[in-house]
Amino acid sequence: MSTNANPEADILFDVRNVTRRFDGLTAVAGVSFQVARGECVSVIGPNGAGKSTLFNLLAGADMPNEGVIRFDGEDVTGYAPEQLAARGIARTFQHGRVFGNLSVLDNVLMGAHVRLRSARRGWPVAGAVAELLRALFQPPSVRREEAAMRDAARAVIERFGERLTPRVDQSAHSLSYANRRRVEIARALMLGPRILLLDEPTAGMNESETAEMLALLLELKREGLTILLIEHKLDLVMTLSDRVLVLDEGRVIAAGAPQEVRRDPAVIEAYLGHRHVGADDIARAVAV
Ligand code: ADP
Ligand code: MG
């Protein structure tokens, strides 16, 4: 992947022995892995394997009971989501989260506000009152910055083509489920992330929508964005990933190149054994 003489310098996430327990249940059990700059790593595994919990730990929504998470050489274990966002870690949620009353554009602008807020204590609120305060009190330089942000948000939205561009001023609650997922990804991109964590970005999408999402993710990868992906659709995983990490009952049961992992008996057993994923996925997992 890399031409850097010092491979350590190319590691973004370095996760060591991370464990998260909920009462009697160990959702993530001593997980270790690394993500290098520019890589796309997918996390797969049956429902309940601990994938979303792992993401919550990496994005600061939850804290591990044990283990160390380093990002770009810094120990960030237990950091808050906004501290991690300020370091360039952007994530989307399995059950898409958008602000229903805000427009598509304002939802996407929220991503930039996370970044701006960390740069200077500013005007994180959207809406008419904030707009008025801004107009009254902000110096022209800040207004110019905001205008530039709006342009940047529009540019990000245009990446989603006809799906979002005509809807930029619509409120998010009027959007289809798939479009809400797209808005969430647009907001994450607006952060200007160094790594993008996507939790089942194609959930609820049909085949052509999934193909569109794949095309976008391939484009982002070509642009050099590092991606950590949770995804059930194995075709997409196989096409996009440099490496695949397979979780089952909180543990890493396999890790490696997509083609190796798909042939791994432990992986086939985890998928067949649980019968949580779709029959098509199982067939694809088993087929070589
Ligand atoms: P996946 O995303 O792989 O489907 P999750 O990470 O959502 O799996 O869940 C892993 C396990 O942890 C599941 O058994 C789930 O019920 C449990 N779990 C997740 N979050 C919590 C929580 N906040 N409290 C208690 N149990 C949880
Ligand atoms: Mg999940």
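Here are the numbers for this structure:
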read-out	value
Part-to-part distance (alpha-carbon centres) for the stretch 65-92 and the stretch 205-239, which is given in Å	24
³J(HN,Hα), Karplus 6.51/-1.76/1.60, whole Hz, each residue of the stretch 194-206, x for Gly, Pro	8, 9, 10, 9, 10, 9, 6, x, 9, 4, x, 9, 7
Percent RCO, i.e. relative contact order, over the stretch 170-229, from Cα pairs under 8 Å lying at least 6 residues apart	40
Sorted by Cβ density within 10 Å, fewest first, the residues K51, K221	K221, K51
Sorted by Cβ density within 10 Å, fewest first, the residues V104, V252	V252, V104
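Values quoted throughout were computed directly from the atomic coordinates according to the rules given, and no laboratory measurement underlies them. Note that the structure is predicted; figures quoted are calculated from it, not measured. When we count neighbours, we look across all protein chains shown, and the Cβ atoms used for this are built from the backbone with ideal geometry, even at glycine.
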